[in-house]
Amino acid sequence: MTVLIGIVFSIIAAAFAALTALGLPGTWLVIMLAAIVDLIEYFWRGGDDLTFGWMAFAVAIVLATVAEIIEFVAGAAGAKAGGASRRGTIGAIVGGFIGGIVGTFLILIPLLGTLAGAAIGAAAGALVGELTKDGATIRDTLRPATGAAAGRIAGTVIKIGFAVAIWLQMSVAAFI
């Protein structure tokens, strides 16, 4: 029975991890699925010999939290690397978040819509933030905007890597 649970969990969790590429909380869905499996086992068979256990959850939650932080600040870090001011950096964070949501629904191509929306939003946010400075020109904002877009794409790619790591870690835990 444990092998069957592990196989079913791994397949469903792989689909959830893939949702991360679409800008959805795939890492947290994998963790939630594991929690549901353990809860069902706890009430079905009693408290002993759960599939995952607290250590697997602790590792997965730490990884998921780090992935969220990296994705959230990546656009700002890229903007800062491009020479953005505080306004441009904040604009990159806000713009990347809004752009990711809008891009997901506006460009209905999986992954591409979210990534493009987040990158364009981060760039636009950095651009607007930089333009609010006294005497700033469009030319002054190009490097920070480009850095924000590149940072946001890098952050999403890194988060996908974390989602795969969480999926692998929880899948292995399901079979041990």
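The values are calculated or read from the model by the stated rules, or taken from the named source; none is laboratory data. Everything numeric in this text was worked out from a predicted model, so none of it was measured. Neighbour counts are summed over all protein chains in view; Cβ atoms, including those assigned to glycine, are modelled from backbone coordinates with ideal geometry.
In region 123-176, which residues are within 28 Å of residue 17 (Cβ to Cβ), touching a Leu at 6+ places or on another chain (Cβ under 7 Å) and among the polar types (S, T, N, Q)?
156, the sole residue that qualifies.
From the list 103, 117, 129, exactly one residue is outside any loop (DSSP other than H, G, I, E, B), touching a residue at least 12 places away in the same chain (Cβ under 8 Å), of a type outside the set (Ser, Thr, Tyr) and in contact with a Lys or Arg (Cβ under 9 Å, 6 or more places away or on another chain). Which is it? First the steps, then the outcome.
Details: 103 fails: in contact with a Lys or Arg (Cβ under 9 Å, 6 or more places away or on another chain); 117 fails: in contact with a Lys or Arg (Cβ under 9 Å, 6 or more places away or on another chain).
Being outside any loop (DSSP other than H, G, I, E, B), touching a residue at least 12 places away in the same chain (Cβ under 8 Å), of a type outside the set (Ser, Thr, Tyr) and in contact with a Lys or Arg (Cβ under 9 Å, 6 or more places away or on another chain) holds for just one of 103, 117, 129, which is 129.
Residue check: is residue 30 in contact with a Phe, Trp or Tyr (Cβ under 8 Å, 6 or more places away or on another chain), under 30 Å from residue 95 (Cβ atoms), at pLDDT 90 or above and surrounded by fewer than 17 Cβ atoms within 10 Å (Cβ to Cβ)?
So residue 30 fails the test.
From the list 106, 112, which one is touching a helix residue (DSSP H, G or I) at 6+ places or on another chain (Cβ under 8 Å) and of a type in the set (A, V, I, L, M)? Spell out how you get there, then give the answer.
Working: 112 fails: touching a helix residue (DSSP H, G or I) at 6+ places or on another chain (Cβ under 8 Å).
Result of the check over 106, 112: 106.
Going through region 38-61 one residue at a time, which ones are in contact with a Ser or Thr (Cβ under 7 Å, 6 or more places away or on another chain) and either surrounded by fewer than 18 Cβ atoms within 10 Å (Cβ to Cβ) or modelled with pLDDT of 90 or more (or both)?
38
Within region 26-73, track down each residue that is without any contact (Cβ under 8 Å) to a residue 12 or more places away in the chain, farther than 16 Å from residue 170 by Cα and either under 23 Å from the mean Cα position of the chain (by Cα) or not in a helix (DSSP H, G or I) (or both).
46, 47, 48, 69
Search region 161-176 for residues being surrounded by fewer than 19 Cβ atoms within 10 Å (Cβ to Cβ) and in a helix (DSSP H, G or I), and hand back the single one that is farthest from the chain's Cα centre (by Cα). Steps first, answer last, please.
Filtering region 161-176 for residues surrounded by fewer than 19 Cβ atoms within 10 Å (Cβ to Cβ) gives 161, 164-165, 168-169, 172, 175-176.
The next check asks that each one be in a helix (DSSP H, G or I); those that pass are 161, 164-165, 168-169, 172, 175.
Details: 161: 9, 164: 11, 165: 13, 168: 16, 169: 17, 172: 22, 175: 26 Å.
Per the criteria, the residue is 175.
Identify, from the list 83, 91, 75, 95, the residue that is in contact with a Gly (Cβ under 6 Å, 6 or more places away or on another chain) and modelled with pLDDT under 80. Step through it out loud before you land on a result.
On the way: 83 fails: in contact with a Gly (Cβ under 6 Å, 6 or more places away or on another chain); 91 fails: modelled with pLDDT under 80; 95 fails: modelled with pLDDT under 80.
Sole residue among the options that is in contact with a Gly (Cβ under 6 Å, 6 or more places away or on another chain) and modelled with pLDDT under 80: 75.
For region 122-152, how many residues meet the condition of being closer than 23 Å to residue 70 by Cα, buried (at least 24 other Cβ atoms within 10 Å of the Cβ) and not basic (Lys, Arg)?
The total comes to 13.
Of the residues 123, 84, 136, which is assigned to a helix (DSSP H, G or I) and not β-branched (Val, Ile, Thr)? Let's see the steps before the verdict.
Working: 84 fails: assigned to a helix (DSSP H, G or I); 136 fails: assigned to a helix (DSSP H, G or I).
Just one listed residue meets the conditions, 123.
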